[in-house]
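Notes for the one structure printed next.
The values are calculated or read from the model by the stated rules, or taken from the named source; none is laboratory data. Everything numeric in this text was worked out from a predicted model, so none of it was measured. When we count neighbours, we look across all protein chains shown, and the Cβ atoms used for this are built from the backbone with ideal geometry, even at glycine.
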Amino acid sequence: MDAARDRDDRPDDEFESIVAGWRDEGSVPDWPDPGESTGPTAHADPAAPAVQPGERPGHRPGPAAEIDSDEGHYHPPDPPPLPRPGPPAVVGGGLIVFGVLLCVAPSVLGVGGTWPLPLGLVLVAAGLTWLVLRLWTPDHGDDAPDPDDDGSRI
């Protein structure tokens, strides 16, 4: 039974020794002196001026700054103006707006009672139906596309 207890206590002892080592080093690591050059930055750019402690380095343009800023940039054209709605679209939109107004605030139109809500719902449905049916164009007449046409051009 003592052997099992020794094995269980052993990881705690190792952990305590690691923590004790950290406490001996102190809370702040030892930094190299400012005059020393160590690591990969010591040999990075010998032509670069040294920055003294407390100074802020100035802006040095890199190789990307030498490239002309207008070269190779695409400036898209201005979008075309929005088209004006035609009379059928205005009628459909008006039906929807009038129907919503009857449903939400019938007192604005000077009506009362229970009939504005069903009438408003019918007007909204009629306006939506009007606009959706305008999207559908029947394929008949001389302007109809050929059913065998797959759209390719030679």
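Every listed requirement among (1) touching a helix residue (DSSP H, G or I) at 6+ places or on another chain (Cβ under 7 Å); (2) exposed (fewer than 10 other Cβ atoms within 10 Å of the Cβ); (3) β-branched (Val, Ile, Thr) is met by THR114 save one, (1). Taking (1) in a helix (DSSP H, G or I); (2) at pLDDT below 65 in turn, PRO88 satisfies each apart from (2).
A search for C-beta distances below 6 Å between a residue of the range 80-92 that is touching a residue at least 12 places away in the same chain (Cβ under 8 Å) and any residue that is assigned to a helix (DSSP H, G or I), counting only pairs 6+ apart in sequence or on different chains, returns PRO88/ARG134; GLY92/GLY127; GLY92/TRP130; GLY92/LEU131.
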